[in-house]
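**Student:** Let me begin by handing over the structure; questions about it come next.
The values are calculated or read from the model by the stated rules, or taken from the named source; none is laboratory data. Quick caveat, the model's predicted, so the values are computed rather than measured. Counting neighbours? That spans all protein chains shown, and the Cβs are built from the backbone with ideal geometry, glycine included.
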Amino acid sequence: MIQAVNLGFPRIGLGRELKWAVEGYWAGRHTEAQLYETARQLRMQHWQWQQQAGIDQIPSNDFSLYDHVLDTIALVGAVPQRFGWHGPSVDLDTYFAMARGAQEKELAARGVEGTGIPPLEMTKWFDTNYHYLVPEFHPEQTFRLASTKPLDEYLEAKALGIETRPVVLGPVSFLLLGKSVVPGFDPLALLDRLLPVYAELLRRLKAAGAQLVQIDEPCLVLDLSENARNAYRHAYEVLSGADFPGLVLTTYFGALEENLPLALSLPVVAVHLDLVRAPEQLQPALAQLPPDRILSLGLVDGRNVWRTDLDAAAALLQQAVAALGQDRVWVGPSCSLMHVPIDLEAEPDLDPEIRPWLAFARQKLDELVTLKRLVREGPHAVRQQLEAARQARAERMASPRRINPAVRQRLAQRTPEMTCRKLPFPERYTLQCQRLGLPLLPTTTIGSFPQTEELRQKRAAFRRGTLSRQAYEQFLEATIAETIARQEAIGLDVLVHGEPERSDMVEYFAEQLEGFWVTQNGWVQSYGTRCVRPPILYGDVSRPAPMTLRWITYAQRCTARPVKGILTGPITLLQWSFVRDDQPRAETCRQIALALRDEVADLEAAGIAIIQIDEPALREGLPLRRRDRPAYLAWAVECFRLASCGVRDQTQIHTHMCYADFEDILEAIAALDADVISIEAARSGMQLLEAFQQFAYPNAIGPGVYDIHSPRVPSVEEMEGLLERALATIPAQRLWVNPDCGLKTRRWAEVEPALRHMVTAARRLRQRLNPLAS
Ligand code: GLN
Ligand code: ZN
């Protein structure tokens, strides 16, 4: 009979219990035992919810204290040498040291000498906003089973009377997601050393009673080299046989396309396909599936919050059942549910009209079970659920909340001129320099300044209703005035208001734009203990009133120096939200861009001469397949320009980017045609600039000279050195001086001296470049 399966459940807990427990452990407030106890409770709760919902195959080992790729590194003993680990198993402090690095004093406490150890690199998990820790490999790499976590968690569930399907990251994806620390070395060469560890784990899982193991191979949806495809064939040859449990090969986040025949031919029990992203792969899969395989259908969206169109899902499901019979079909979410919030019931203030449109993780479990029952018992058995889903859908489609004719009309009437500045960059930059009267190598920051404990308390009190709006806003104004005064004292040339009114650069705008819903408890894990609440984009976007004008113009009234107005860009607002599934992303992004265009116009009209539109998420919106990238970049660039190009030539547009390698999208970055880009560069010692030089980037650049991710205060000489390196590739007339990113997570005690050093470094260089000017 058909079974309802789940691929993974959110780990963090409804009240973010995991975050508090882990951070408590780091701070020394909790013992290891207390942390483990919280984790155990969370797992139990999550398994029980799934069991109560009627899920037949419940995952285990989908839980993680920090990250499942880090768990895999620990599992196979791939701890880099610098952590000084000798085994036999990976202890908790080594585990967290890989995630966060180790400071000198922590090492001393453990009796290890050293000057601090950098953590593993962190990067985005495919095209999600989840970040994983990147495994490091080298040619002498060895592996051994160094953790029993999958086994322990399987047995833990069994002791609760719950039979689970352990989840492990597959060996080929694990190697492909890692990086070589030796140039030119291909981690896939390590496959034969890695497979015995997987074999041992699988044998032990089987001995413990596990019938099925879910083996995640999401890299099968990427463009693969022939080498990688061979690695798949070889790996699953080795891991099949009577010794091992049945393997469920899971793929997600896209279509397998040319890798479909490969995946279907591997000797596994079942193959899982993401039919939300790629429903078109059902037909070829049904045609090519070998007779002894089961097909697991990902029909409920694990990446988004919309209630499933059960009729559409049922149509695909019935098609599969008709072709394969009930016994060879499973129904599941498209991917792990860890990318969506846990429970709609935790949103008491949700708009009652919007609520029925949504499904969070627990509601998605119910949808899976409805689909299963539909096949097992027939449509009459789930008539009520089907009706409710139909009605919600019909109401959503008919809702005036979804469609705003004025927005649509405005978009339909947009003209090509709206995405072009009038003069080319060199001419308008000259006009801007005349207007602003800035020195050579102007100094500025990225936007935010330290968010103090006092600020957080006031914001919380305002939200709770214990602080009046008037008192809160007065406090914000005082904060802005003080931030301006500090910047003047430091000697910065272009000032910012500091963003004290923003708890988050996306949420702040989403709260004020029509078409977005901001949740109270819709947390999803971003990395480790960091969770975010992505807003829900449910309808056409418009701007009922100015969003930032009041704060930025207030700041400008506090100083004679130019204040740069900071906005979050359209691509980033889109990318860090749950998006609509009823229209293309590009269309939604254009709507956001138009709303921002109005904000830009208001700022300009109020005399703000520099406006920065942040797009840190531009790179991460890139589609997984190379073929799809040009189309994405084309509309992304168009949206940025739609937001920014409405200004006069004398108004200077800045943008800011960070958190990524930009080498491969320089063309698109240049096409944004921002007058000035500030970009993360200090961490890599200005390496990025070579790419900018090779590409001959035409506009002005502020490569970050100060890594804001660390509390360290860089010296004048260090930043001067970085600027000198920058000057080798960027002409002085087009070089700006700024930190890598916003300063909101830092303390004033670090920020103040660091910025003073930065200003001194810029002044010294100016002096050398043009001794007569100063
Ligand atoms: N303006 C934002 C800030 O300074 C930019 C943040 C970001 O790039 N992520 O905080
Ligand atoms: Zn940044």
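**Student:** Sort out which residues of the stretch 442-466 are surrounded by 15 or more Cβ atoms within 10 Å (Cβ to Cβ) and either over 33 Å from the mean Cα position of the chain (by Cα) or within 16 Å of ligand 2 (Cβ to nearest atom) (or both), and write them in order of number. Let's see the steps before the verdict.
**Tutor:** Restricting attention to the stretch 442-466, the residues satisfying the condition of being surrounded by 15 or more Cβ atoms within 10 Å (Cβ to Cβ) are 442-451, 455, 458-459, 461-462.
Across the stretch 442-466, the qualifying residues are Thr444, Thr445, Ile446, Gly447, Ser448, Phe449, Pro450, Gln451.
**Student:** Name the residue, out of Asp661, Asp649, that is surrounded by fewer than 23 Cβ atoms within 10 Å (Cβ to Cβ), within 16 Å of ligand 1 (Cβ to nearest atom) and not aromatic (Phe, Trp, Tyr).
**Tutor:** Numbers: Asp649 fails: within 16 Å of ligand 1 (Cβ to nearest atom).
Answer to the check: Asp661.
**Student:** Still on this model: I'd like the residue in the stretch 523-574 that is away from ligand 1 (no atom under 16 Å from the Cβ) and aromatic (Phe, Trp, Tyr) and, out of all such residues, is nearest to Ala606 (Cα to Cα).
**Tutor:** The qualifying residue nearest to Ala606 (Cα to Cα) is Tyr554.
**Student:** Also, quick follow-up: Please determine, by comparing only the residues of the stretch 732-749 that are surrounded by 14 or more Cβ atoms within 10 Å (Cβ to Cβ) and aliphatic (A, V, I, L, M), which one is nearest to ligand 2 (Cβ to nearest atom).
**Tutor:** That would be Leu743.
**Student:** Being in contact (Cβ under 8 Å) with a residue 60 or more places away in the chain and within 16 Å of ligand 2 (Cβ to nearest atom) is the filter here, so list the residues in the stretch 661-678 that pass it. Lay out the reasoning, then the answer.
**Tutor:** Here is the first cut: in the stretch 661-678, the residues in contact (Cβ under 8 Å) with a residue 60 or more places away in the chain are 673-676, 678.
Of everything in the stretch 661-678, those that are in contact (Cβ under 8 Å) with a residue 60 or more places away in the chain and within 16 Å of ligand 2 (Cβ to nearest atom) turn out to be Ala674, Val676, Ser678.
**Student:** Could you go through the stretch 623-646 and let me know if any residue there is within 16 Å of ligand 2 (Cβ to nearest atom) and touching a residue at least 60 places away in the same chain (Cβ under 8 Å). If you could, list the steps in order and put the result at the bottom.
**Tutor:** As a first pass, look at the stretch 623-646 and keep what is within 16 Å of ligand 2 (Cβ to nearest atom): 640.
With the extra rule that they be touching a residue at least 60 places away in the same chain (Cβ under 8 Å), the set shrinks to 640.
Yes, the conditions are met somewhere in the stretch 623-646.
**Student:** Among the residues of the stretch 24-59, how many are within 26 Å of the chain's Cα centre (by Cα), crowded, with 20+ Cβ neighbours inside 10 Å and part of a loop (DSSP other than H, G, I, E, B)?
**Tutor:** 0
**Student:** Here's another thing I want to ask about it. How many residues are away from ligand 2 (no atom under 14 Å from the Cβ) and touching a residue at least 24 places away in the same chain (Cβ under 8 Å) if we restrict to the stretch 679-696?
**Tutor:** 8
**Student:** Within the group Glu23, Glu37, which residue is of a type in the set (Asp, Glu) and touching a residue at least 12 places away in the same chain (Cβ under 8 Å)?
**Tutor:** Details: Glu37 fails: touching a residue at least 12 places away in the same chain (Cβ under 8 Å).
Every option except Glu23 fails the conditions.
**Student:** Tell me which strands (runs of 3 or more DSSP E) are completely within the stretch 444-533 and hold 1 or more residues being among the β-branched types (Val, Ile, Thr), or say none if there are none.
**Tutor:** On the way: elements: 514-517, 524-527, 530-532.
Fully inside the stretch 444-533 and qualifying: 524-527, 530-532.
**Student:** Filter the stretch 342-367 for residues that are of a type in the set (Lys, Arg) and in contact (Cβ under 8 Å) with a residue 60 or more places away in the chain; which is farthest from Gln50 (Cα to Cα)?
**Tutor:** Kept after step one, since they are of a type in the set (Lys, Arg), are these residues of the stretch 342-367: 355, 362, 364.
Adding the requirement that they be in contact (Cβ under 8 Å) with a residue 60 or more places away in the chain leaves 362, 364.
Values: Arg362: 8, Lys364: 10 Å.
Among them, the one singled out is Lys364.
**Student:** Does any residue of the stretch 167-175 turn out to be surrounded by fewer than 19 Cβ atoms within 10 Å (Cβ to Cβ), modelled with pLDDT of 95 or more and among the aromatic types (Phe, Trp, Tyr)? If you could, list the steps in order and put the result at the bottom.
**Tutor:** Of the residues in the stretch 167-175, the ones surrounded by fewer than 19 Cβ atoms within 10 Å (Cβ to Cβ) are none.
No: the stretch 167-175 contains no residue that is surrounded by fewer than 19 Cβ atoms within 10 Å (Cβ to Cβ), modelled with pLDDT of 95 or more and among the aromatic types (Phe, Trp, Tyr).
**Student:** Looking for whichever is hydroxyl-bearing (Ser, Thr, Tyr), farther than 28 Å from Leu423 by Cα, surrounded by fewer than 20 Cβ atoms within 10 Å (Cβ to Cβ) and more than 22 Å from the chain's Cα centre (by Cα) here; the options are Thr729, Thr760. Which one fits?
**Tutor:** Values: Thr729 fails: farther than 28 Å from Leu423 by Cα.
Every option except Thr760 fails the conditions.
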